[in-house]
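Have a look at the structure below, then the notes.
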Amino acid sequence: MQLIVNGETVDADVEEDMPLLWVLRDELNVKGPKYGCGIAQCGACTVHVDGMPVRSCSITAKQVEGAEVTTIEGLGTPDALHAVQEAWIDHQVAQCGYCQSGQIMSAAALLAIYPEPSDEQIDRALSANLCRCGTYPRIREAVKSAAAKLQGA
Amino acid sequence: MKKTLGLASALGLGVIAAMGVALSHGSGDDDAAIDLVVNQPEGDVSREEGLAAWDRIFAVASHPRCANCHTDENNVPMWSGPSYGKTRPHGMNINAGMSRIGIESMPCTTCHTQSTKPNTIPHAPPHTGHVWMLAPVEFVWFGKDTQTICAQMRDPERNGGRDGAGLVEHILHDAEIKAFITWGFNPGGGREPAPGTMQDHLNDMVTWTAAGMPCPDPAG
Ligand code: FES
Ligand code: FES
């Protein structure tokens, strides 16, 4: 099956109903999206599918055939970070880090639609990305910084 | 689909379309179709028969499986019913927004994907063949009594512009695309289904509409 991952068309020899997260991590060696729960309860596996945030553990390879899948590896690179990634570093958001690629992908999706989200929007958009380390106050500040950066850009 | 989405279509999917992004992805393989038969009554249907059919329709509409997503203008889906214990708002601070599809913060489809596959995993967000969403805000059922829901359902201003035939057609169309009504009778994952079967529900809708959509007193 052909998938488009981070702008590249890749062949994946997988069953159609394999969850996208499995395809990414185990078949394509894209390890940014994390496995937390496997049932769309934690958000650690969040990627973008055609720009929208999606829990990759709960969507099948078949469902994303032909769609643009973006993982944190495709959001920005170490040399050219996405504004959200930059803000995450500035605010030192991560604690253990496990949830953070999912948090960043959800935040980037929110900002793509709402360049100036309210606190309420930020909280609503990110509450379903569980962070057991409790980094939410820093997440909120980082999203605001990223929004300001994107506005200035 | 337009009819089903109502207000949400205007506010939510319109935004998505304008942005050129898609909420809806391939829904995977189809499973066996649901075969429904429209059993038109022979002769007149009495008000009593119509009211008896309405009682069963109300039992479906007010069941948590259906009512949890027919909530008011606060746009918060509910978690209630035997699977949940105490009635409470959907966890994770979820708000579907005025769009009723969550686009204002996080789309419902982030977790509730669109798929016609059976729902098998307990505690996983359920999916249907329709983009996941709250019902349009004018279809409030959660916590409403039988008269209130009946008055809403027969009012074209508040039921998506449907007459009796339209309400019957709505059920048939839902079965075709395996949307929310279909899911309500077969929610999977250990969830309690709405009472009866989809065919029973269709029969009741045919009977109730043939009887002129009578509502229990005092609504008339
Ligand atoms: S691993 Fe996908 S939501 Fe938890
Ligand atoms: S940083 Fe540890 S779970 Fe979020």
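Coordinate-derived values only; no laboratory data. Note that this is a predicted model, so its numbers are computed, not measured. Methodologically, a virtual Cβ is constructed for each residue, glycine included, from the backbone with ideal geometry; neighbour enumeration extends over all protein chains shown.
Run lengths n ≥ 4 of DSSP H only: what is the helix-derived mean residue ellipticity at 222 nm for chain A, with -39500 (n - 2.57) per run over all residues, to the nearest 500?
Working: 5 runs with 51 residues, N = 153.
When only DSSP H runs of four or more count, the value is -10000 deg cm²/dmol.
Once Rh is set to the Kirkwood radius over Cα pairs, what Stokes-Einstein translational diffusion coefficient, in µm²/s, holds for the stretch B:26-97 at a temperature of 10 °C and a viscosity of 1.306 mPa s?
On the way: Rh = 15.9 Å.
Here the translational diffusion coefficient equals 100 µm²/s.
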In terms of the alpha carbon gyration tensor, root eigenvalues a ≥ b ≥ c, rounded if a/c is under 1.5 and otherwise prolate when a/b exceeds b/c or oblate, the stretch B:38-79 is prolate
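Quick check for me: using +1 on Lys/Arg Cβ and -1 on Asp/Glu Cβ, what's the dipole size of the stretch A:83-151 about its Cα centre, in debye to the nearest 20?
Details: 6 positive and 7 negative charges, 34 e Å.
For the stretch A:83-151, the charge dipole is close to 160 debye.
Where the convex hull is taken over the Cα atoms of the protein assembly as shown, what is its projected area averaged over directions, in nm²?
Result: 19.0 nm².
What does the charge add up to near B:Arg56, with Lys and Arg as +1, Asp and Glu as -1, over the other residues with Cβ less than 10 Å from its Cβ? Before the final figure, lay out each step's value.
Numbers: positive: none; negative: B:Asp55, B:Asp200, B:Asp204.
Neighbour charge sum, excluding B:Arg56 itself: -3.
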Loop-resident trypsin sites (Lys or Arg not before Pro) in the stretch A:31-127 with no more than 15 other Cβ atoms inside 10 Å, DSSP not H/G/I/E/B, are A:Lys31
Checked the stretch A:1-124 against the a/c 1.5 cut and the a/b vs b/c comparison, axes a ≥ b ≥ c from its Cα gyration tensor; verdict prolate
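How would you order A:67-78, B:198-209 from highest to lowest mean count of nearby Cβ atoms within 10 Å? Display every interim value, and only then the final one.
Numbers: A:67-78: 18.2, B:198-209: 21.5.
Highest to lowest by the protection proxy: B:198-209, A:67-78.
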The stretch A:6-102: relative contact order from alpha carbon pairs under 8 Å, six or more residues apart, as a whole percent, is 32 percent
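Using unit Cβ charges (K, R positive; D, E negative) and no other charged atoms, how large, in debye to the nearest 20, is the dipole of the stretch A:2-75 about its Cα centre?
460 debye
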So, with points 7 Å from each Cα along the Cβ direction, the B:Ala59-A:Glu8 label distance in nm works out to 5.9 nm
For the stretch B:102-187 the GluC sites (Glu not before Pro) that pass both the DSSP coil test and the at-most-16 other-Cβ-within-10 Å test are B:Glu138, B:Glu157
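If you take the square roots of the eigenvalues of the alpha-carbon gyration tensor of the stretch A:2-75 and sort them as a ≥ b ≥ c, do you get rounded (a/c under 1.5), prolate (a/b over b/c) or oblate? Walk me through the numbers on the way to the answer.
Numbers: a/c = 1.44, a/b = 1.21, b/c = 1.19.
Here the stretch A:2-75 falls in the rounded category.
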